[in-house]
Amino acid sequence: MGYQPDGAALLEVVVRAAREAGAVIRAAAPRARSIDWQSKGPTDFVSEVDLAAEACILAVARRDLPGATILAEESAATTPAERVSRGLALVIDPLDGTTNFLHGYPEYAVSIAALIDGEPVAAVVYDVPGDELFTASAGAGAFCNGAPIRVSTIADPQRALIGTGFPFKDAKDIAPYQAQMSRVMAQVSGVRRPGAASIDLASVAAGRFDAFWENMLSPWDFAAGMLLVREAGGVVTDLGGGLLRPVASSGVLAGNPRLHGWLMGVVRG
Ligand code: IPD
Ligand code: CA
Ligand code: CA
């Protein structure tokens, strides 16, 4: 078998790539509102900045991890799950929160996970406007700008702040989501929809959110964040409590261990 880098070595590479992409995004931010967007769907956009950030990450990956399978939102989004599940793979969202970025709303990130046999072993979520670098490697904990982070200890839903993401691609998904939202809102202290799923998961890991759910995410939205949550002592599953594999799209439910099961029950109805 060939050389297989360990979690720490992989983390070094993905952090370097995320910082380089972050610099590209930061340099473009002052002119964000005049950047041209292309439509991927009626309410789903990509800009030249997403593409430039992804090119930057891919250049680092090809140089430093030449054998890795790539699953990347803008240029390699259709890599089959079966390939991503085998050996070393990188799951890349070059700019998570594109809509926020294009409106100058300061909530967007670079998200990269390294997987071995489908399991995340190194992860970075770089919140560019906040300049917060969230990192984790399997078995070694989760960190924000080098300081250890832990999920919250809140157990009472009435005291909980819950993160979520709205369905925005298909209008038929809105009504069932509103029913979930009504049930959650009636029982908690607050619900937030910041607009970048990778940062939402980092917020669970850091104890800022007590739990989070979104009914459908792409693997690049949650691959890095799910390792942050686990390494910070949290629980992250699909909506039914099943194993989450960041090789295909899925609903995502994350939380501190006290509130994860509670939120799952409320979301399910
Ligand atoms: C989106 C964000 C958003 C989530 C969407 C994602 P993008 O990613 O993470 O919070 O609700 O489902 O698609 O398109 O900005 O990379
Ligand atoms: Ca995304
Ligand atoms: Ca994106």
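Overview of values
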quantity	calculated
Pair list, Cβ under 7 Å, 6 or more apart: segment 177-196 residue in contact (Cβ under 8 Å) with a residue 40 or more places away in the chain, other residue surrounded by 12 or more Cβ atoms within 10 Å (Cβ to Cβ) and part of a loop (DSSP other than H, G, I, E, B)	P194/E107; G195/G97; G195/E107; A196/G97; A196/E107; A196/Y108
Hits in segment 160-176 - residues which are in contact (Cβ under 8 Å) with a residue 40 or more places away in the chain, in contact with a helix residue (DSSP H, G or I) (Cβ under 8 Å, 6 or more places away or on another chain) and within 16 Å of ligand 2 (Cβ to nearest atom)	G163, T164, G165, P167
Elements of type helices (runs of 4 or more DSSP H) contained in segment 156-269, each with 3 or more residues being over 16 Å from A123 (Cα atoms) and not β-branched (V, I, T)	174-185, 260-268
Where a residue in segment 237-265 is not assigned by TED's automatic domain parsing to the domain that holds L227 and its partner, wherever it lies, is assigned to a loop (DSSP other than H, G, I, E, B) and crowded, with 23+ Cβ neighbours inside 10 Å, with Cβ under 9 Å and at least six apart	none
Matching residues in segment 91-120 - criterion: being more than 15 Å from ligand 2 (Cβ to nearest atom) and buried (at least 23 other Cβ atoms within 10 Å of the Cβ)	A114, L115, P120
Of residues in segment 138-167 being loosely packed, with under 13 Cβ neighbours inside 10 Å and of a type in the set (S, T, N, Q), the one nearest to G195 (Cα to Cα)	N145
Failed item in (1) over 14 Å from the mean Cα position of the chain (by Cα); (2) crowded, with 20+ Cβ neighbours inside 10 Å; (3) among the aromatic types (F, W, Y), with Y126 passing the rest	(1)
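Yes or no, residue by residue, for (1) acidic (D, E); (2) under 20 Å from P219 (Cβ atoms); (3) free of Cβ contacts under 8 Å to residues at least 60 places away in the same chain:
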position	(1), (2), (3)
V13	no, yes, no
P30	no, no, yes
Q38	no, no, yes
F45	no, yes, yes
V49	no, no, yes
L90	no, yes, no
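The values are calculated or read from the model by the stated rules, or taken from the named source; none is laboratory data. Quick caveat, the model's predicted, so the values are computed rather than measured. FYI the Cβ positions are ideal-geometry reconstructions off the backbone, even for glycines, and counts take in every protein chain you see.
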